[in-house]
Amino acid sequence: MGYNVAIDGPAGAGKSTIAKLVAEKKGFIYVDTGAMYRGLAIHFLDRGIKAEETEKVIEACGDADVSIRYEDGTQQVYLNGTNITGRLRDEAVGRMTSKCSVIPEVREKLLDLQRDLAKTQDVIMDGRDIGTCVLPDADVKIYLTASVETRAKRRYDELTAKGESCDFDEIARDIKERDERDMNRETAPLKKAEDAVLVDSSDMTIEEVVHTIAGLCR
Ligand code: DC
């Protein structure tokens, strides 16, 4: 069994930024499970399937092969043999992912892939249900969160830096909607595992969060 660190939390809490840095510092492999869900969502979008068409989504799971490879130390997501990493962060993909990930069959499809990665390697894995469902015996569990305002501001700054025009209120609304969906779905909702350490990054720098989390790991 590898050494397993689970980081869960809402969208925009900084999980991937922090997990990548902790992975570097500690020599763990960073596993971004949101990217796997996004990979499946791209498969549905490319087939013209809408998130509401649950039966079609479930059927399309049957011929989706999502796999993960590490190239130069970074995670690449392949969908049926094609590297789709560059498309993962599109807004439309994010929206579709949030809606499709409530479907139990979609979650089931990715569960073994996630567990297999953690079985033999030392990983820091981020997502929504890692500490509660995917890796209930993880060595360290973190619930990383931040206020809606902080998360919306970070997203706003990120998009603005990329030269994309965006509206702060719309981003905040979108974040609230995703929280609502992620926290209230029936299968594997986002919640803090009882034995997870709560880290609220609203008033912390990236360095402080990395230091805190790395300090909890072996
Ligand atoms: O972390 P992210 O923004 O890339 O996640 C995209 C969506 O995927 C998010 O709305 C919730 C879903 N997700 C999930 O349900 N379970 C996970 N372990 C990871 C992501």
_Meets criteria (under 17 Å from Asp90 (Cα atoms) and of a type outside the set (A, V, I, L, M, F, W, C)) for Lys56_ = no
*Somewhere in segment 66-73, is a residue modelled with pLDDT of 95 or more and hydroxyl-bearing (Ser, Thr, Tyr)?*
no
*Pull up segment 178-207, narrow it to residues that are more than 10 Å from the ligand (Cβ to nearest atom), part of a helix (DSSP H, G or I) and among the acidic types (Asp, Glu), then point me to the one that is farthest from Thr132 (Cα to Cα).*
Glu207
*Does Ile49 satisfy the criteria of being of a type in the set (Val, Ile, Thr), modelled with pLDDT of 95 or more, under 22 Å from Asp182 (Cβ atoms) and within 16 Å of the ligand (Cβ to nearest atom)?*
no
*Only one of these is in a strand (DSSP E or B), hydrophobic (A, V, I, L, M, F, W, C) and within 16 Å of the ligand (Cβ to nearest atom): Ile142, Ile171, Ile175. Name it.*
Ile142
_Asn80, sole failed condition from (1) within 21 Å of Gly2 (Cα to Cα); (2) modelled with pLDDT of 95 or more; (3) among the polar types (S, T, N, Q)_ = (1)
*Taking Ala214 as the residue in question, decide whether it is closer than 22 Å to Tyr30 by Cα and assigned to a loop (DSSP other than H, G, I, E, B).*
no
*Please go through segment 115-137 and pick out each residue that is surrounded by fewer than 22 Cβ atoms within 10 Å (Cβ to Cβ) and near the ligand (Cβ under 9 Å from one of its atoms).*
Cys133
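The values are calculated or read from the model by the stated rules, or taken from the named source; none is laboratory data. On a predicted model such as this, the values are computed, not experimentally measured, just so you know. Cβ coordinates were reconstructed from backbone atoms using ideal geometry, including for glycine residues, and neighbour counts include every protein chain displayed.
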